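Step one of this worksheet: look at the structure below.
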Amino acid sequence: MAAAKCRVVVLISGSGTNLQSLIDQAAVDGADYEVCAVVSNKADAFGLVRAREAGINTAQIDHREFADRRAFDRALMQEIDRHTPELVVLAGFMRILSADFVQHYRGRLLNIHPSLLPRYPGLHTHQRALASGDREHGATVHFVTEELDGGPCIVQAALPINTGDTAEILAERVQAQEHVIYPLAVCWFAQGRLRMVGDSAQLDGEPLPRSGKRLGGGQSLNY
């Protein structure tokens, strides 16, 4: 009898390209996780179409229909918990989550951010990296805490900033790396290799550095 797969709920607000990378990896023979539901705060999010085409349960909860953030988050938690996930993954979910929500899923809530954290939390990361004259840029998967983009880093993909790069070009190059490292981090969690212990991330029982595991320069991936 095959071992039960790690159940994952993905939260989205838009097109769902990172969601698609997670769906694709889950479809690989021997995958350790399954995407059991996708929830969006926007009814027209194309990620919902991706999920339905893959036969995944979907739900839409409009944040504008709630009096405040906490009320919306309570409804969101109720929908997520209906699917009994071991892991909740933010994939372009454009909502700041309440402390109650973050605490409810502490240690099993992941996000991906388009910068090499702790550099450039928040928005407009590609333009900020260019404006600062950085030589490299990238993306980071991290555990979510109450601090915006401040939770323990798990894995980063770094790439050089080339002469002539614009924010748009950089965004495309970084997004391609996101599609690699996000399924990787989810696989590590599903395999029991990745955990949040206190305020740090651990992989295979060893604390990760502040910036997480760094990938770049053609390194091979270990799923």
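Which shape class applies to the chain: rounded if a/c is under 1.5, otherwise prolate when a/b exceeds b/c and oblate if not, where a ≥ b ≥ c are the square roots of the Cα gyration tensor eigenvalues? Before the final figure, lay out each step's value.
Details: a/c = 1.44, a/b = 1.24, b/c = 1.17.
Rounded shape, in that the Cα axes give a/c under 1.5.
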With +1 on each Lys and Arg Cβ and -1 on each Asp and Glu Cβ, how big is the dipole of segment 1-50 about its Cα centre, in debye rounded to the nearest 20?
-> 160
By the scheme Lys and Arg +1, Asp and Glu -1, what is the net charge of all other residues having a beta-carbon under 11 Å from that of residue 108?
-> +2
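Return 193, 108 ranked ascending by Cβ neighbour count within 10 Å, so the fewest neighbours appear first. Walk me through the numbers on the way to the answer.
Values: 193 14, 108 18.
With the sparsest Cβ surroundings first, the list reads 193, 108.
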In a GNM of the chain with a 10 Å cut-off on Cα contacts, which of 123, 109, 76 has the highest mean-square fluctuation?
-> 123
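In what sequence, highest mean first, do 87-93, 169-175 appear when ranked by Cβ atoms within 10 angstrom? Display every interim value, and only then the final one.
Working: 87-93: 22.9, 169-175: 16.7.
For the peptides 87-93, 169-175, the packing ranking is 87-93, 169-175.
Calculate the dipole size of segment 22-130 relative to its Cα centre from +1 charges on Lys and Arg beta carbons and -1 charges on Asp and Glu beta carbons; express the result in debye to the nearest 20.
About 520 debye.
Order of 5, 42 from fewest to most other C-beta atoms within 10 Å?
Working: 5 15, 42 18.
With the fewest neighbours first, 5, 42 line up as 5, 42.
From the helices alone, meaning DSSP H stretches of at least four residues, give me the mean residue ellipticity at 222 nm for the chain, per-run term -39500 (n - 2.57), in deg cm²/dmol to the nearest 500. Walk me through the numbers before you get to the answer.
Details: 6 runs with 68 residues, N = 223.
The helix-only estimate for the chain comes to -9500 deg cm²/dmol at 222 nm.
Would you order 36, 153, 6 from fewest to most other beta-carbon atoms within 10 Å of each residue's own beta-carbon?
Going from sparsest to densest Cβ surroundings: 36, 6, 153.
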Could you give the length gained on full extension between residue 46 and residue 204, defined as 0.36 nm per residue of separation minus the Cα-Cα distance, in nm?
-> 53.3 nm
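At R0 = 25 Å, how high is the FRET efficiency between residue 74 and residue 94 if r is their beta carbon distance? Nearest 0.05 is fine. Mind showing how you got there, number by number?
Details: r = 19 Å, r/R0 = 0.75.
Given R0 = 25 Å and the Cβ-Cβ separation, E is 0.85.
Just so you know, all these numbers are worked out from the coordinates, no wet-lab data involved. Keep in mind the model is a prediction, meaning the values are calculated, not measured. Glycine also receives a Cβ, built like all others from the backbone with ideal geometry; neighbour counts cover every protein chain displayed.
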